1. Using amide H atoms built 1.01 Å from N in the peptide plane, name the residues 5+ places from Trp224, or on other chains, whose amide H lies under 5 Å from its own.
2. Could you give me the ³J(HN,Hα) list for segment 127-132, computed from phi with Karplus coefficients 6.51, -1.76, 1.60 and θ = phi - 60°, whole Hz, x at Gly and Pro?
3. Which peptide among 428-435, 387-394 comes first, and what is the full order, when sorted by highest mean count of other Cβ atoms within 10 Å?
4. Gain in length, Glu447 to Glu423, computed as 0.36 nm per residue apart minus the alpha-carbon separation, to one decimal in nm?
5. What order do Tyr453, Tyr114 take when sorted by accessible area (1.4 Å probe), most exposed first?
6. According to the Cα gyration tensor, what semi-axes, each the square root of 5 times an eigenvalue, does the equivalent ellipsoid of segment 78-159 have, listed from largest to smallest in whole Å?
7. Could you go through segment 83-90 in sequence order and give the Karplus-derived ³J(HN,Hα) for each residue, using 6.51 cos²θ - 1.76 cosθ + 1.60 with θ = phi - 60°, rounded to whole Hz, and x for Gly and Pro?
8. Note down the accessible area of Glu119, probe 1.4 Å, to the nearest 10 Å².
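The values are calculated or read from the model by the stated rules, or taken from the named source; none is laboratory data. Keep in mind it's a predicted model, so treat the numbers as computed, not measured. We place every Cβ from the backbone using ideal geometry, glycine too, and count neighbours over all the protein chains shown. The area values use the complete protein model at the heavy-atom level, side chains included, leaving out ligands, DNA and RNA. Shrake-Rupley method; radii C 1.70, N 1.55, O 1.52, S 1.80 Å.
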Amino acid sequence: MFREPSENPAFVWLFWAGITILLLVGLSLLWHGLSRKSWLLRPEALRLDPDNPEHLRGREEDVKRLFYAVSTLPLVFLEGESGAGKSALIRAGLIAALNDADPPSMLPVYVNTYTGDWESGIVEQLIFALWRELGEARCTRLGIATRDDLRRQLPLVGSSVPGVAGVERSEPPAFSRQLQPVKADGTLFRRIENELGLIPLLIFDQFDDYQLAYSDRFSRQGRWISAHELAAENSFWWAIRAELERHAIHCLFVTRRDMSGQLEAVRFAEPQVHFLDRIEPAYMGALLAGLVTPDTESSPVISHPNAGWESLKDRLIRDLSAEGLILPIQARVVFDGLAKLPYLNQKAYEREGGTEGLEAAYIESAVRFAAGAAGIAESRVLDTLLQLVDETNPELPKSRTATQGALLEAARTDLETDLPRGERILDALVQKGVIQSRLDEAAENTEPRWSLYHDYLARAVLFAHR
């Protein structure tokens, strides 16, 4: 027969105690399971800085080879695909190595902006870069008090003299003859070597920007012009060729691989050509591991890394190296996009859309930040970024420059009554590493121009827009 449950108080107490214990254990397990997720606590730790030598992994041999080349040869070309890290190699690797040499033998003069006239504009950029690199102490030793003093002593300046298409000059343009010092060894470049013990190294980074901006000058009847033609038609390049020939300077030209053919225009001597490849996955994996390693136990970058992050980290490296090597700019964008994930594991990563989703998330995060800073709708910020995307080739979109006025108009910001709001948009996007100023620092009273930080971001902007 079925027996009624005992009414013994002790039994009832034990029964409910057991239920309570089971409930507490279940809640504990549930809480434990939910709490042991890999969370990104410090998103800023994953942001790669192209000017930080600590972030330049796997490039030691490239820096050494380039250091030796520019130190011993008058003309060096560096080429590599867009996003391979050429500018980072120069700024965080080569220039740092040249300045840290004991004793230093080179004066790196870095130019990467090419605004203004194709002749006088680049003169002013070089003057500004040289003034900045020399610094007050060296200028004092050379007897240079102002940038105008420096300008007068360079054999590169004067009024722009238009060349005649197809006509090669055997003589320099008239103004260059007037400004050329009487003694061949008396130029400022030679004085820098004689009085400071440093050979000027003129670094023309992103030189493809200059050639694209003046493509009509560099191409003729379906071919690229020669170095002899360039020197005949542009007094700046005539002077650079002359300084190279008298061994007063060394030059390094940096360009995209698909534009390397146009470097024939500056082949003033037989160059040594260097090619920068993508990064080996092992180096990028080591960099990523270093980025998430906390400085102290009290400031972790990722909570519970074994609860999803470690497997996601391996997956990221595999996906980024799908073609065998890793494109540094893609890694930079994807790492920053990790902040969009609710937690760091493969499921969240897959739901976001993999690497392409993280690229879009990088832009979305910057758009949200800029919209919040300016107090406007995110769509207006995205419309602003679209002004900086060139979709001429839909398969390979790239960055283009736009005036500040055009960007603020796209953001539907009134230039007269609401300029501060528009400036906050741009400042926020700069802070997030999405855009960069193309302001001609060497000139005064010119409207600022802007571009995406890198051509690669054009694709991410379109992903976010779609």
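1. Residues meeting the criterion, in which the H sits 1.01 Å from N, do not exist here.
2. For segment 127-132, the Karplus curve yields 4, 4, 5, 5, 4, 5 Hz.
3. Values: 428-435: 20.8, 387-394: 14.0.
Going from most to least packed, we get 428-435, 387-394.
4. Details: separation 24, 0.36 × 24 = 8.64 nm, distance 1.33 nm.
Here the segment from Glu447 to Glu423 would lengthen by 7.3 nm.
5. Values: Tyr453 60, Tyr114 20 Å².
The most accessible residue leads, giving Tyr453, Tyr114.
6. Working: eigenvalues 124, 83, 13 Å².
Result for segment 78-159: semi-axes of 25, 20, 8 Å.
7. Once θ is set to phi - 60°, the couplings for segment 83-90 become x, 6, x, 5, 5, 5, 4, 6 Hz.
8. The accessible area comes out at roughly 10 Å².
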